Amino acid sequence: MNSSLNLDSRVQQGRVHRSVYVDPAIFEAEMELIFERGWVFVGHESEVPAAGDFKAVQIGRQPALLTRHTDGALHVVLNRCMHRGALLTREQSGNTRAFRCLYHGWTFSTNGDLLVVPFAEGYGEGFDQGSLGLIHAARVDSHRGFVFASLSAAVPELRTALGPAAGIIDTIMDAAPEGAIKANGGVQKYTYNANWKLQAENWVDGYHPTFTHQSAFAIVGKKTGAKPGSNQGSAARAVGLPNGHALLDYTGTSRAALNSEKDAAGYRAALEARLGADRAGKVLESDLQILLFPNLFIQSNAQHFRVLRPIAVDKTEVYAFPYRLCGAPDEINDRMTTKLGWWASAAGFGQPDDLEAFERCQEGLKVSQAEWLLFSRGLQREQTMGDGRVVGDITDEVTHRGIYLEWARRMARAND
Ligand code: FES
Ligand SMILES: [Fe+2]
């Protein structure tokens, strides 16, 4: 690794150096140290429900495939023919009995095994077809259907890496009367010309909405009479979770109460039947949006998850997947997933505002005389809990401090 990066000094108490957003060498180091040597989200089990289903995914810079084999097992294999390197498929998703390489016809099973080498006798006697299967991710594991993979075996167990974030995922998933979701509603994609971390930060930024989304809120106000405030000083909380995960928790606010769809006939009763009245009540009251560092975001309120795909230091793709709560009335699933369209889609009322902010940041950060971005808001009033959570006002930058603590910890390996 390039030890001249001297990354230690780029993240300091309450501030982050601009180079972390604009230096291509730091971007390359991030792809290796954060995305290719740690757990990253690759897909939801419900995206590949049947034997032979596959989905193209990106692990850092590397193309990979999430597949479901004939025995039902999930595999994450690198999308690279073991003959001379061609992508095995350009499809984003599909169903296949096997992957036959377009170039010379080598054919691989959905579990990665090399099934066919055309005219194999040409390789002579010592040819070991059995050793030329696709390369598997070193670790694959899932939590409530969310599948994560690591190209490095040297990672903690997924449950340990998730820590208290696992319980947040549980609460979001428990809103489904059957305890599971289906992410089979297609995907919305958008690209912006700025660093990937600007989107990661923004997902857990409770400071900006009043300003960035002023016009969108004005439209909502005209239609509904609602006057969304900043939530500053409300019950809403920004929470830094261990290992770089971060949460905006709007539970107990007027925003959470606005989800009157939750009163749809039979829904509460169905949840109570599975979870009991207490737990069902807690799940129904909750309004959570969580970043699973580094590349997954789940939002309960607008019933979708999003995945970051960094392209370059100043270019990022985001894929957004609406999901349905299994067992919930159509009325709920239809209204909740519609929210993704009107707010968070590329042509929605909210998302384009954020993208404009990201691109303005990337442009503004070209100013080299001002070296630091400030993340010190609420530093003096944050509270550290016994389980490692750090809690602040919804407008505080406590979430971002957690992200950059983990960023610095991972990137410190560049100096090894
Ligand atoms: S590169 Fe795939 S068969 Fe030759
Ligand atoms: Fe926003």
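The values are calculated or read from the model by the stated rules, or taken from the named source; none is laboratory data. Just so it is clear, the structure is predicted and the values come from calculations on it, not from any experiment. For neighbour counting, all protein chains shown are included, and Cβ atoms are generated from backbone atoms with ideal geometry for every residue, glycine included. For accessibility, only protein heavy atoms count, side chains too; no ligands or nucleic acids. Shrake-Rupley method; radii C 1.70, N 1.55, O 1.52, S 1.80 Å.
Does Arg84 satisfy being surrounded by 22 or more Cβ atoms within 10 Å (Cβ to Cβ) and farther than 30 Å from Arg410 by Cβ?
When the stated conditions are applied, Arg84 does not pass them.
Please determine whether any residue of the range 109-130 is under 24 Å from Gly145 (Cα atoms) and assigned to a strand (DSSP E or B). Step through it out loud before you land on a result.
Here is the first cut: in the range 109-130, the residues under 24 Å from Gly145 (Cα atoms) are 109-112.
Remaining after also requiring assigned to a strand (DSSP E or B): 109.
Yes, that holds for at least one residue.
Every residue, every condition in (1) more than 16 Å from ligand 1 (Cβ to nearest atom); (2) free of Cβ contacts under 8 Å to residues at least 24 places away in the same chain; (3) within 21 Å of the chain's Cα centre (by Cα), yes or no:
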site: Phe321; (1), (2), (3): yes, no, yes
site: Arg335; (1), (2), (3): yes, no, no
site: Ala347; (1), (2), (3): yes, yes, yes
site: Asp354; (1), (2), (3): yes, no, yes
site: Glu371; (1), (2), (3): yes, no, no
site: Val398; (1), (2), (3): yes, no, yes
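List the helices (runs of 4 or more DSSP H) that sit entirely inside the range 209-310 and contain at least 3 residues that are more than 25 Å from Leu162 (Cβ to Cβ), more than 16 Å from ligand 1 (Cβ to nearest atom) and open to solvent by 40 Å² or more (accessible area, probe 1.4 Å).
Passing ranges, in order: 209-212, 214-224, 254-257, 267-275.
Does Thr89 satisfy being open to solvent by less than 30 Å² (accessible area, probe 1.4 Å), among the β-branched types (Val, Ile, Thr), away from ligand 2 (no atom under 16 Å from the Cβ) and without any contact (Cβ under 8 Å) to a residue 24 or more places away in the chain?
no
Inside the range 1-22, can you point out the residues that are among the charged types (D, E, K, R) and modelled with pLDDT of 95 or more?
Arg15, Arg18
Would you mention how many residues in the range 238-297 are under 20 Å from Gly327 (Cβ atoms) and among the hydrophobic types (A, V, I, L, M, F, W, C)?
Number of matching residues: 12.
Just to be sure before I move on: is Ala161 more than 16 Å from ligand 1 (Cβ to nearest atom), at pLDDT below 95 and in a helix (DSSP H, G or I) in the structure I sent?
No; evaluated as a whole, the condition is false for this residue.
Which condition number does Ser368 fail, the rest of (1) over 30 Å from Gln12 (Cβ atoms); (2) open to solvent by 60 Å² or more (accessible area, probe 1.4 Å); (3) away from ligand 2 (no atom under 13 Å from the Cβ) being met?
Of the numbered conditions (1) over 30 Å from Gln12 (Cβ atoms); (2) open to solvent by 60 Å² or more (accessible area, probe 1.4 Å); (3) away from ligand 2 (no atom under 13 Å from the Cβ), the odd one out for Ser368 is (1).
Give the range 201-239 a look and list any residue that's modelled with pLDDT under 85, among the hydroxyl-bearing types (Ser, Thr, Tyr) and more than 21 Å from Ser300 (Cα to Cα), or say none.
Thr224
Test of understanding: among Ala25, Ala51, Ala56, which residue is at pLDDT 95 or above and either crowded, with 21+ Cβ neighbours inside 10 Å or part of a loop (DSSP other than H, G, I, E, B) (or both)?
From the options Ala25, Ala51, Ala56, the qualifying one is Ala51.
Which fully enclosed helices (runs of 4 or more DSSP H) of the range 323-416 have 3 or more residues being touching a helix residue (DSSP H, G or I) at 6+ places or on another chain (Cβ under 6 Å)?
Helices (runs of 4 or more DSSP H) meeting the threshold: 351-364, 398-411.
Could you tell me how many of the residues in the range 37-48 are surrounded by fewer than 22 Cβ atoms within 10 Å (Cβ to Cβ) and over 19 Å from Ala183 (Cα atoms)?
Result for the range 37-48: 1.
Please verify whether Ala180 is more than 19 Å from His400 (Cα to Cα), open to solvent by 30 Å² or more (accessible area, probe 1.4 Å) and in contact with a helix residue (DSSP H, G or I) (Cβ under 9 Å, 6 or more places away or on another chain), treating the condition exactly as stated.
Considered against the rule, which asks whether it is more than 19 Å from His400 (Cα to Cα), open to solvent by 30 Å² or more (accessible area, probe 1.4 Å) and in contact with a helix residue (DSSP H, G or I) (Cβ under 9 Å, 6 or more places away or on another chain), Ala180 comes out as yes.
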